[in-house]
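The values are calculated or read from the model by the stated rules, or taken from the named source; none is laboratory data. Quick caveat, the model's predicted, so the values are computed rather than measured. Note that we place each Cβ from the backbone using ideal geometry, even for glycine, and neighbour counts take in every protein chain shown.
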Amino acid sequence: MEEKNVSPFQFGLQLLKRLVFATVICMFVCFSMSFLPEYGISGYIWMSVLTVGISGGMMYLHAWSVGDHDANAVQFGRMEPFMLKGLFAGLYLVLFVSVLAIPLALSIAGILPIDFLPFYRLLNSPLLGIINLIHPYGAIPHAEVLKTETTVYQAATAGMSWGQFIGVILLPLIYLPFTTVGYIFGYKRFSIIEKVVYKN
């Protein structure tokens, strides 16, 4: 059965499915690397390199596959070439992911009566290390630390500034180079793996 050509919107939905799968993998990775924050900024950087590499790699591979398929479709006259398809699909992906910014903004504004940032971090596990660099976990004004007899609770969202919020919600843009370059390389049948592994 012939594979159907996909629109940038459908392409974006496919990328979202793969990002959900990558997020589950990165959740386990982040839990297994929970010791890295003890090393400070360098620990978060290493975590980010690994998790962004996993999620970005999955975005790249799917974009490469779609680009390769579209090259065949163009060759046989089934569609017109659109080299920015990977970019537009990536923008749709960013738009889908940005929905999570709504409850985060409501939480910062005090409208949503829960500390949403821990959930936001978890649902954005591929970017967790970078999020923690922008806003360290529990980094809030001292007066906002809630104390009980046995435990100290830190309302992480309450300490996030609107500037940090903007920085955090822009992070999914990091996927655009993976989807854009992946699609173009796939369309041109340029395989990095072949160049690296089978060189000479």
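Each residue in region 22-37 was checked for being at pLDDT 80 or above, surrounded by fewer than 15 Cβ atoms within 10 Å (Cβ to Cβ) and not aromatic (Phe, Trp, Tyr), and 2 pass.
Of the residues that make up region 1-15, is at least one surrounded by 13 or more Cβ atoms within 10 Å (Cβ to Cβ), free of Cβ contacts under 8 Å to residues at least 40 places away in the same chain and in a helix (DSSP H, G or I)? Yes, the conditions are met somewhere in region 1-15. Just one residue in the set GLY90, GLY40 is farther than 15 Å from CYS26 by Cβ, small (Gly, Ala, Ser) and exposed (fewer than 15 other Cβ atoms within 10 Å of the Cβ); that residue is GLY40. One residue alone among LEU106, LEU133 is out of contact with any helix residue (DSSP H, G or I) (no Cβ under 9 Å at 6 or more places or on another chain) and at pLDDT below 95, and that residue is LEU106.
Screening the candidates SER65, SER55 for the property of being in contact with a Gly (Cβ under 7 Å, 6 or more places away or on another chain) and of a type in the set (Ser, Thr, Tyr) yields one hit, SER65.
Which members of region 19-55 meet the condition of being among the hydroxyl-bearing types (Ser, Thr, Tyr) and in a helix (DSSP H, G or I)? Of everything in region 19-55, those that are among the hydroxyl-bearing types (Ser, Thr, Tyr) and in a helix (DSSP H, G or I) turn out to be THR23, SER32, TYR39, SER42, TYR44, SER48, THR51, SER55. Considering (1) under 16 Å from MET160 (Cβ atoms); (2) surrounded by 15 or more Cβ atoms within 10 Å (Cβ to Cβ); (3) of a type in the set (Gly, Ala, Ser), the lone condition that GLY110 does not fulfil carries the number (2).
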